[in-house]
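Working notes, beginning with the structure itself.
Derivation of every value follows stated rules applied to the coordinates shown; laboratory data play no part. Since the model is a prediction, treat every value here as computed from it, not as a measurement. Every residue, glycine as well, gets a Cβ built from its backbone with ideal geometry; the counts of neighbours run over all protein chains shown.
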Amino acid sequence: MDIKQEVLQKAQSAFAAAAALRVAPDEQRNAALLAMAAKIRASVDEIKAANQLDMKAGAEMGLSSAMLDRLKLTDSRIEDMAVGLDQVAEFDDPIGEVLSETVRPNGLNIQRISVPIGVIGIVYESRPNVTVDSAGLCIKSGNASLLRGGKEAVNSNICLAKMFAAACAEAGLPQGCVEIIESTDRQGVQEMIRMDEYVSLIVPRGGHGLIRTVVENASVPVLKHDRGLCNIYVDASCDIQRAVPCINNAKTQRPGTCNAVENLWVHKDNIAALKAIVSDLQASGVEVRGTEAVCAVCEGVNPATEEDFDTEYLDMIISVDIVDSAEDAIANIQKYSSGHSEAVFTDDAAVARKFLSEIDSACLYHNASTRFTDGGQFGMGAEIGISTNRLHARGPVGIRELTTYKYIGVGDYLSRK
């Protein structure tokens, strides 16, 4: 079967399954999620064996340590996938909710009701847990999923997706509720993002190149999970002792994730904070790249280029500069940010208000790590991605962001006059 035929067949299967999911009761959708959670817990060795094939291939391809970390499935990460499904199953049904209701003067009752979107295509790289998180959220919200993972995680993704399809069948739902394109040929993505007859929404998750390719070539509407070029501003007034571990967390906890900080801006009147932060990051193994001003006051800092401040490292590297004011910091962040997540560390309420009102990113924090931009941390359970769009969803995309609506009008044999 050629790649075009494979994608068409999978898309048609998902489209047919979406019709069944649209009317499936919440209890049945939850049964599929819980069946998948049970399969994950019963198949740890099988999942790890598939993942080990990917890890071996990734090492041979020369993937960075941070990218290999994104790829790796440990016992705890496998359990986290199962726990995420358990949590999503416990959420209220997002389908059939009356979002608004009005009765017109002529007696026509109009309700706006939440409904599934249809078939959601997810194009993603590296992290195999995205397979489970995305499919689980789609099932809960009544959507079928058409998955296309990267070649780095092909064995892990296929293993998990087939497991999920079997779980759906156990719950009496079509296996097509979760379809995966097994070919890693890039042409598969091109075919998928133009299949608007069957696919209602595309969610790309990955590097800037992947996002650009999808946005520029898709005929299906796209919900972007753009690069995570996150920034932190340290103001003249902040509690240095408490800020240092937060910034370390933002960079080092999971440097290969999209919510890790990449650029740090420090006020010129808080050089003590700059030195403490740089020293702490270096002690954790972070390469600090700084401007001339930073190199002049901090030891062991490598010179930064203009390109560095426009780079999502996804690694133990950070770019640092000194700014004259909060206004300068905001201007720099607006220039380099991808619109994902930014944070300000300050004890000055006026500076915090200015930062939070003027920065136009999906998620903003005051005295908190950017690492909180996560569906689980937001109480959504799993997430399908972090949207940097303004429409129709922004920030962590959970089950409610995977619904749309329709209008239902009820009259007493009404005719329009």
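When the Kirkwood radius is taken over all Cα pairs of region 151-249, what Stokes-Einstein diffusion coefficient follows at 20 °C and 1.002 mPa s, in µm²/s?
126 µm²/s
Which shape class applies to region 131-199: rounded if a/c is under 1.5, otherwise prolate when a/b exceeds b/c and oblate if not, where a ≥ b ≥ c are the square roots of the Cα gyration tensor eigenvalues?
oblate
Mean 1/r over all different Cα pairs, inverted: what Kirkwood radius does region 108-170 give, in Å?
Hydrodynamic radius (Kirkwood, Cα only) of region 108-170 equals 12.8 Å.
Just to verify a number: FRET efficiency for Leu414 and Ala236, C-beta to C-beta distance, R0 = 56 Å, to 0.05?
After rounding, the FRET efficiency stands at 0.30.
The chain: percent of C-alpha pairs farther apart than 26 Å?
Details: 49588 of 86736 pairs.
Result for the distance tail: 57 percent.
Against the longest alpha carbon principal axis of the chain, how many degrees, from 0 to 90 and to the nearest 10, is the axis of helix 26-42 turned?
Its long axis makes an angle of about 60 degrees.
Filter the GluC sites (Glu not before Pro) in region 236-303 down to the DSSP loop ones having no more than 10 other Cβ atoms within 10 Å, then list what survives.
Glu299
Once you wrap a convex hull around the alpha carbon atoms of region 64-190, what is its projected area averaged over all directions, in nm²? It would help to have the intermediate numbers written out before the result.
Values: hull surface 42.9 nm².
Taking the Cα atoms of region 64-190, their convex hull projects to 10.7 nm² on average.
Checking the table Lys48/Lys251; Lys56/Lys151; Lys56/Lys162; Lys4/Lys151 against a 20 Å threshold on Cα-Cα, which pairs fail?
From Lys48/Lys251; Lys56/Lys151; Lys56/Lys162; Lys4/Lys151, over 20 Å: Lys48/Lys251; Lys56/Lys162.
For a quick check, take a GNM of the chain with Cα springs below 10 Å and name the residue from Ala236, Ala135, Ala32 with the largest mean-square fluctuation.
Maximum among the listed residues: Ala236.
If R0 is 22 Å, what FRET efficiency do you get for Ala349 and Phe378 from their C-beta distance, rounded to 0.05?
Rounded to the nearest 0.05, the efficiency is 0.35.
Specify whether the C-alpha gyration tensor of region 368-417 places it in the rounded, prolate or oblate class, a ≥ b ≥ c being the square roots of the eigenvalues: rounded for a/c under 1.5, otherwise prolate if a/b is larger than b/c and oblate if not.
Numbers: a/c = 4.93, a/b = 3.27, b/c = 1.51.
In terms of gyration-tensor shape, prolate.
Estimate the FRET efficiency between Asn302 and Asp75 by the formula 1/(1 + (r/R0)^6), using the beta-carbon distance for r and 30 Å for R0, to the nearest 0.05.
Result of the calculation: an efficiency of 0.20.
If I build a Gaussian network model for the chain, linking alpha-carbon pairs within less than 10 angstrom, which residue out of Pro94, Pro245, Pro105 has the largest mean-square fluctuation?
Pro105
Would you kindly state how much longer the chain becomes between Glu358 and Glu6 on full extension, computed as 0.36 nm times their sequence separation minus their alpha carbon distance, in nm to one decimal?
122.0 nm
Whole angstrom only: what separates the Cα centroid of region 257-310 from the Cα centroid of region 115-169?
If you average the Cα positions of each part, the centres end up 38 Å apart.
Suppose the chain between Asp269 and Tyr407 were pulled fully straight at 0.36 nm per residue; how much longer would it get relative to their current alpha carbon spacing?
Length gained between Asp269 and Tyr407: 44.0 nm.
Quick one: of the DSSP bridges fully inside region 75-206, what percent are antiparallel, nearest 5?
Bridges in region 75-206 are about 30 percent antiparallel.
Given Cβ point charges of +1 (Lys, Arg) and -1 (Asp, Glu) and nothing else, what value in debye, to the nearest 20, does the dipole of the chain about its Cα centre take?
That gives a dipole near 1280 debye.
May I ask for the angle, rounded to the nearest 10°, between helix 349-358 and the longest principal axis of the chain, with both axes built from Cα atoms and the value confined to 0 to 90°?
The two axes meet at around 50 degrees.
What are the principal axis extents of the Cα atoms in region 230-372, in Å, biggest first?
Per principal axis, max minus min of the Cα coordinates gives 35, 30, 27 Å.
Comparing Gln28, Gln175, Gln111, which has the greatest mean-square fluctuation in the GNM of the chain with Cα pairs linked when under 10 Å apart?
Ranking Gln28, Gln175, Gln111 by mean-square fluctuation puts Gln111 first.
What's the angle, to the nearest 10 degrees (0 to 90), between helix 3-23's Cα axis and the longest principal axis of the chain?
Taking the Cα atoms of the chain, the angle to 3-23 is about 70 degrees.
Zone of Lys56 (label point 7 Å along Cα→Cβ, backbone N under 14 Å): which residues in region 89-129?
Nothing falls inside the zone, counting backbone N under 14 Å.
Out of all DSSP beta bridges with both ends in the chain, state the antiparallel percent to the nearest 5.
Counting DSSP beta bridges with both partners in the chain, the antiparallel share is about 30 percent.
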